[in-house]
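Visitor: Can you keep this structure in mind? I'll have questions shortly.
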Amino acid sequence: MGKKHINPYDVAIKQLEIASEALNLDQGTTEILRHPKRILSVSIPIKMDNGDIKVYPGYRVQHHDSRGPYKGGIRYSPDVNLDEVKALAMWMTWKCAVIDIPYGGAKGGVRCNPKEMSLSELERMTRRYVSMIFPLIGPLIDIPAPDMYTDSQTMAWILDTYSQIRGYKVPGVVTGKPLHLGGSEGREEATSLGTVFCINEAIKDLGLKAKGATVAVQGYGKVGWNAAKLLHEIGYKIIGVSDSKGGIYNPNGINPLKVYEYKNKMGSVIGYEGCKTVTNQELLEVECDALVPAALENQITENNADNVKAKIIAEGANGPTTPKADQILTEKGIFTIPDILANSGGVTVSYFEWVQNLNRDHWTKEDVNQRLKDKMIKAYREVYRMSKKHQTNLRTAALVLAVSRVAESFKTLGLWP
Ligand code: GLU
């Protein structure tokens with residue numbers, strides 16, 4: 001992590017300004033897009049297992065909805081704060097626009113430490129949170145999904161609480177549900193699979209070969225571990241992975257599945273056989289063809305960007321690179337596939353899930369994955385073309401594409417009254 005605190009909302013605003021300038025966007029539209037449309041802050045009271053009462057701060061931020069209902073995950077973490085949720089909501093607006101699905105952007109979060117809470121405490125907190133943001137969400141209004149430390153079980157509680165209050169089952173109110181409750185095939189791996197499609201394209205664009213190409217993955221949660229697994233399956237060589245406690249490195253290659261089993265048993269990837277222990281910072285600096293930051297925001301900063309040796313960075317996490325670091329990476333010629341493109345596979349399959357729910361339909365995994373592939377490659381190629389046209393890096397190109405799509409919808413709808 002960088003030494004000084006970096007506010008993700010400042011990063012998001014800076015990115016919007018870069019895109020607005022590149023697009024010559026009018027002042028009024030830029031001004032509208034700077035601000036989230038609606039913010040709900042709640043204080044969630046929970047009876048803990050020991051009888052104590054605790055109150056957790058929670059948020060739901062809706063950034064913009066010109067292109068469709070609000071969409072975005074809910075995260076549980078001790079670091080959640082309003083500015084972080086505002087940034088993540090704005091990034092959802094751009095993400096849905098880049099991948100071209102008919103949604104706006106939102107995000108939710110609760111400041112808590114899920115690692116220290118029991119399952120029943122988490123259930124009570126989730127249900128109470130849903131009851132408190134109830135007026136804001138709905139299948140045609142704002143559709144939550146998983147994010148950091150929330151999963152398909154959390155989504156099942158959201159579905160149930162919302163449906164209990166409504167009086168009937170509303171599967172389309174949330175995505176990332178378990179399969180037997182209206183979840184979609186392929187949703188678990190979707191974010192990672194989308195990242196893999198992007199890396200495959202980048203490898204081709206740089207004239208490299210996928211087979212044997214070396215990869216380091218920061219973060220071994222759902223996104224990081226699935227990315228490592230999928231890349232390994234198609235012949236990439238995983239040489240380093242990490243989790244919140246630290247990382248492991250072996251230039252001869254690591255079997256991600258065995259590391260996953262090891263981590264489940266031991267609580268961390270550290271100590272896995274035949275590997276050197278490295279810090280999370282050292283992992284970001286290993287020599288490799290592709291680096292996948294799939295953990296937290298602000299991992300690649302002005303303090304370490306110069307040490308990054310990867311040829312490609314594919315951002316599985318939201319906001320892992322600061323604007324100053326971005327500049328350094330661009331000067332170094334590192335090919336960075338930005339978060340709003342590289343991790344958009346998750347929300348894309350969320351969209352497929354929602355479409356299936358609204359139509360009471362169920363698609364096969366092959367169908368879902370093929371549709372995801374088509375969407376990802378199309379978006380990647382559009383961003384790549386845009387970067388050539390504007391002579392910019394992929395991040396600016398993706399932002400320009402996203403902001404222009406959102407601005408066009410907004411302008412056509414007009415400002416009422
Ligand atoms: N939380 C994920 C993201 O940041 C998924 C959001 C969704 O599926 O709505 O993209």
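Visitor: For the range 43-76, give me each residue that is basic (Lys, Arg), within 13 Å of Asn113 (Cα to Cα) and in contact with a helix residue (DSSP H, G or I) (Cβ under 7 Å, 6 or more places away or on another chain).
Guide: If the condition is that a residue be basic (Lys, Arg), within 13 Å of Asn113 (Cα to Cα) and in contact with a helix residue (DSSP H, G or I) (Cβ under 7 Å, 6 or more places away or on another chain), then no residue fits.
Visitor: Please return the ranges of strands (runs of 3 or more DSSP E) entirely within the range 272-317 where 2 or more residues are within 22 Å of the chain's Cα centre (by Cα).
Guide: Once the strands (runs of 3 or more DSSP E) in the range 272-317 are filtered for at least 2 residues that are within 22 Å of the chain's Cα centre (by Cα), what remains is 290-293, 312-314.
Visitor: Considering (1) within 16 Å of the ligand (Cβ to nearest atom); (2) touching an Asp or Glu at 6+ places or on another chain (Cβ under 9 Å), say which one Leu208 fails and leave the rest.
Guide: (1)
Visitor: Next question, about the same structure. Under the condition of being more than 14 Å from Ala227 (Cβ to Cβ) and buried (at least 24 other Cβ atoms within 10 Å of the Cβ), which residue from the range 332-343 is nearest to the ligand (Cβ to nearest atom)?
Guide: In this case the residue turns out to be Ile340.
Visitor: Kindly establish whether Leu329 is part of a helix (DSSP H, G or I) and crowded, with 23+ Cβ neighbours inside 10 Å.
Guide: Considered against the rule, which asks whether it is part of a helix (DSSP H, G or I) and crowded, with 23+ Cβ neighbours inside 10 Å, Leu329 comes out as no.
Visitor: So which strands (runs of 3 or more DSSP E) stay within the range 52-127 end to end and still have 2 or more residues that are without any contact (Cβ under 8 Å) to a residue 40 or more places away in the chain?
Guide: Result: 53-64.
Visitor: Give the range 379-405 a look and list any residue that's free of Cβ contacts under 8 Å to residues at least 12 places away in the same chain and either buried (at least 18 other Cβ atoms within 10 Å of the Cβ) or among the β-branched types (Val, Ile, Thr) (or both), or say none.
Guide: Within the range 379-405, Ser387 is the sole residue that qualifies.
Visitor: Which residue pairs have Cβ atoms under 7 Å apart, sit 6 or more places apart or on different chains, and have a first residue in the range 323-347 that is among the aromatic types (Phe, Trp, Tyr) and a second that is crowded, with 19+ Cβ neighbours inside 10 Å and in a helix (DSSP H, G or I)?
Guide: Phe335/Ala202
Visitor: Another question about this same structure. Can Thr348 be described as in contact with a helix residue (DSSP H, G or I) (Cβ under 7 Å, 6 or more places away or on another chain), within 12 Å of the ligand (Cβ to nearest atom) and β-branched (Val, Ile, Thr)?
Guide: Yes.
Visitor: Within the range 156-170, how many residues are touching a residue at least 24 places away in the same chain (Cβ under 8 Å) and under 22 Å from the mean Cα position of the chain (by Cα)?
Guide: Number satisfying all stated conditions: 3.
Visitor: Among the residues of the range 1-39, which ones are under 25 Å from Gly414 (Cα atoms) and outside any helix (DSSP H, G or I)?
Guide: Asn24, Leu25, Asp26, His35, Pro36, Lys37, Arg38, Ile39
Only the coordinates and a few stated rules stand behind these numbers; no lab work does. Since the structure is predicted, the reported quantities are computational estimates derived from the model, not experimental observations. Cβ atoms come from the backbone with ideal geometry, glycine included; neighbour counts cover every protein chain shown.
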